[in-house]
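What follows is one structure encoded as structure tokens, with my remarks underneath.
The values are calculated or read from the model by the stated rules, or taken from the named source; none is laboratory data. Quantities reported herein were computed from a predicted structural model and do not represent experimental measurements. Cβ placement follows ideal geometry from the backbone for every residue including glycine, while neighbour counts extend to all protein chains displayed.
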Amino acid sequence: MIDIKSERLSFDEYVDFLKRTDLGSQYPRERFSKRVARLLETASISLAARDENGTLAGVLLGLTDFAYWLFVTDLGVAREFERQGIGSRLMKEALALAGGEKDIAVYLVANEDAVPFYEKLGMKKAEDVMQYFHIEWTEFTVE
């Protein structure tokens, strides 16, 4: 049984989670610790999916205005918990918390391997998104 609830994660627990998912390669090396700690402290929506032993099985972090949009910064499921519907449940809960599907548009940057998952949720590639990307970004994987 997986329980999902709003919860602020500690930096150490989240880093451990990143090692057990494919999310561990989505962040730049530059100021990783400081920036992830800030994300964990300030995300508008912070959901944790845990099994009966308290093991972190999934996470969704998002930014929202609670009126029009939700930007999902992180959605991941630990490899040992994949294909159990946890990601779909996290997304559904985040959308409800943000204001519901009748009011909220959801945006995210999807890893190419995750596109089929998001398409199953009914999401489509957007053509109306702009980006301002002038930051240092050295790829690495959290290990």
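Which one is modelled with the lowest pLDDT among residues in the range 1-60 that are among the hydroxyl-bearing types (Ser, Thr, Tyr), under 11 Å from Val142 (Cβ atoms) and part of a helix (DSSP H, G or I)? Out of the qualifying residues, it is Ser25. Residues in the range 108-134 that are assigned to a loop (DSSP other than H, G, I, E, B) and either under 17 Å from Met91 (Cβ atoms) or of a type in the set (D, E, K, R) (or both): Val109, Ala110, Asn111, Leu121, Gly122, Met123, Lys124, Lys125, Ala126, Glu127, Asp128.
Among the numbered conditions (1) out of contact with any Phe, Trp or Tyr (no Cβ under 8 Å at 6 or more places or on another chain); (2) in a loop (DSSP other than H, G, I, E, B); (3) of a type in the set (D, E, K, R); (4) closer than 20 Å to Tyr68 by Cβ, the only one that Asp103 does not meet is (1). The set of residues from the range 93-140 being more than 15 Å from Gly76 (Cα to Cα) and of a type in the set (Val, Ile, Thr) comprises Ile104, Val106, Val129, Ile135, Thr138. Within the range 85-113, being touching a residue at least 40 places away in the same chain (Cβ under 8 Å) and more than 18 Å from Ile45 (Cα to Cα) holds for Asn111, Asp113.
Taking first residues from the range 118-143 that are modelled with pLDDT under 80 and partners that are loosely packed, with under 10 Cβ neighbours inside 10 Å, no Cβ contact under 9 Å between residues at least 6 apart in sequence or on separate chains turns up. The number of residues in the range 1-41 being of a type outside the set (A, V, I, L, M, F, W, C), within 12 Å of the chain's Cα centre (by Cα) and under 22 Å from Gln84 (Cα atoms) comes to 4. Within the set Glu13, Glu82, Glu52, Glu30, the sole residue that is touching a residue at least 60 places away in the same chain (Cβ under 8 Å), of a type in the set (Asp, Glu) and surrounded by fewer than 22 Cβ atoms within 10 Å (Cβ to Cβ) turns out to be Glu30.
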